[in-house]
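The values are calculated or read from the model by the stated rules, or taken from the named source; none is laboratory data. What you are looking at is a predicted structure, and each value in this text was computed from that prediction instead of being measured. Don't worry about glycine lacking a Cβ; one is built from the backbone with ideal geometry, like all the others, and counts go over all protein chains shown.
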There are 2 protein chains.
Amino acid sequence: MQSSRPVPVRRTSRLPRGARRLQLLQAAQEVFVAHGFHAAAMDDIADRAGVSKPVLYQHFPGKRELYLALLEQQVTELTDRVREAMAGTQDNRDRVHGAVGAYFDFVDAEGGAYRLVFESDLRNDDEVRALVDRGNRACVEAVAEVIAGDTGSSPEQAHLLASGLTGLAETSARWWLAQKGTLPREEAVSLMSSLAWRGISRFPRVEGEPATG
Amino acid sequence: MQSSRPVPVRRTSRLPRGARRLQLLQAAQEVFVAHGFHAAAMDDIADRAGVSKPVLYQHFPGKRELYLALLEQQVTELTDRVREAMAGTQDNRDRVHGAVGAYFDFVDAEGGAYRLVFESDLRNDDEVRALVDRGNRACVEAVAEVIAGDTGSSPEQAHLLASGLTGLAETSARWWLAQKGTLPREEAVSLMSSLAWRGISRFPRVEGEPATG
DNA sequence: GCGGCCGGTGACCCGCCGGTAACATCCTCC
DNA sequence: GGAGGATGTTACCGGCGGGTCACCGGCCGC
């Protein structure tokens, strides 16, 4: 009963520029996450998007720039989550719980995009290194500010402590992800935030903060 | 006054096989550390050793194998340091201090070889990933054993806690290295081991261990 | 209904780099 | 003092993959 027009369902009908760009980013992310930067070929990405290679170059100047666009997204994603966790409360115990949770959520996000940030195989590229470092420093800074404010630590000490705590969160989140299934998220987050909190609370001297279980 | 024999001081006189092999490993490590696996060319390594490329292939079957040999050295180096720190005392506070110190020393070793382990850009290679993971797990395991023994934690909890502590040590060590000069090693290690110890001591329930300042 | 243009394609180019083949040199040992 | 086997060298190959060129086709406005 329908018109029997041939229209043989092109694998991916033509897309307006904006939509195509998003689809390409999606495809590129999947490939980069799965294989890393070096093992990912532009042909792979184009194939994954059901499109030919020149289309990629109509939207991005090169492989590296495509990668950088995705990386920046994820770096921003993580730093936002961490900053929100730190700014969202005045209770330091909650801050720790929230920040640890932020790392767990980031790592657990659909698609494994965290790999771009934590397992990039292009860190020898100056721009990539700068981007990743900037994200790291932003997270450390957010934590260090509170530490410096609430303890007698020097800025150098506060930053070192903060880097340790972010490392604790990142590493345990990744461990939990790898062992997924053995511990529910909430239990893992609670466990690790307890560890972090017991460590950092009442450091050198706190300005009046109850200890916690 | 000397004999005017031409003998134009060969850049590197011939070497017996064993010595050459060591020299090549050294040169390769320098190049891999400086540029990572992908950006390092076999020609670079050969040049660095003052030798031509085929010599490399007389000693190693390929670039990947050369890299793996170096990587394994460093993985072993780290796990040995950590295991020694855990086995070298019965005092858990000392264990924490020693283990944190192990990470700091590893990261601070001449040549920056730690990058092979912590910043490898070949983790998408199965064998590389397996090697790095094995090292990580060995460190986590060494720490988790003590935690599981001295607290009421389940094995899963103990391993998660241990992974967090190793992450704390690794990340803070690398931060300290990057900021080198602002804090002396002993102060940094003491600070971070205090943080870790305050966190982990008296976890769920310890079997009788004094808290520490 | 047709010209232009936007979105898309197949085929190609070429530089880099891992890996090798063929040849040179020197040291040893008899 | 010369055969033989290490040790090294020069010159080359081949393919992988990033990046581009010339071309196609259908839809839109006149």
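Observations, loosely collected:
- For A:Ser153: the one exception among (1) over 30 Å from A:Phe37 (Cβ atoms); (2) within 11 Å of another protein chain (Cβ to nearest Cβ); (3) modelled with pLDDT of 95 or more: (3)
- Matching residues in region B:108-125 - criterion: being more than 12 Å from chain A (Cβ to nearest Cβ) and buried (at least 17 other Cβ atoms within 10 Å of the Cβ): B:Ala113, B:Tyr114, B:Leu116, B:Val117
- Options A:Ser163, A:Ser153: the member that is within 21 Å of B:Leu183 (Cα to Cα) and not in a helix (DSSP H, G or I): A:Ser153
- Within region A:124-141, the residues that satisfy the criterion of being more than 22 Å from B:Val31 (Cα to Cα) and aliphatic (A, V, I, L, M) are A:Leu131, A:Val132, A:Ala138, A:Val140.
- Here B:Phe104 does not qualify as within 25 Å of B:Ala39 (Cα to Cα) and at pLDDT 95 or above.
- Summed over region B:62-76, the residues that are in contact with a Phe, Trp or Tyr (Cβ under 9 Å, 6 or more places away or on another chain) and not aliphatic (A, V, I, L, M) give a count of 4.
- Taken together, B:Glu77, B:Glu127, B:Glu84, B:Glu141 contain a single residue that is charged (D, E, K, R) and within 11 Å of the chain's Cα centre (by Cα), which is B:Glu77.
- Candidates B:Leu160, B:Leu191, B:Leu183, B:Leu168 - the one that is touching a residue at least 12 places away in the same chain (Cβ under 8 Å) and either facing chain A (nearest Cβ under 9 Å) or farther than 21 Å from A:Arg202 by Cβ (or both): B:Leu168
- Entry remark, region B:42-94: residues being near DNA strand C (Cβ under 9 Å from one of its atoms), more than 14 Å from chain A (Cβ to nearest Cβ), surrounded by fewer than 18 Cβ atoms within 10 Å (Cβ to Cβ) and under 30 Å from B:Ala142 (Cα atoms) number 1 in total.
- Here region B:13-33 is the region considered, the condition is being more than 14 Å from DNA strand C (Cβ to nearest atom) and under 13 Å from B:Leu70 (Cβ atoms), and the residue that is surrounded by the fewest Cβ atoms within 10 Å (Cβ to Cβ) is B:Leu22.
- Note on region B:25-115: enclosed helices (runs of 4 or more DSSP H) holding 2 or more residues that are without any contact (Cβ under 8 Å) to a residue 24 or more places away in the chain and away from DNA strand D (no atom under 15 Å from the Cβ) are B:63-87, B:92-108.
- Checked against the criterion of being modelled with pLDDT of 95 or more, out of contact with any Asp or Glu (no Cβ under 8 Å at 6 or more places or on another chain) and either facing another protein chain (nearest Cβ under 10 Å) or surrounded by fewer than 14 Cβ atoms within 10 Å (Cβ to Cβ) (or both), the candidates A:Val128, A:Val140, A:Val132 yield just one match: A:Val140.
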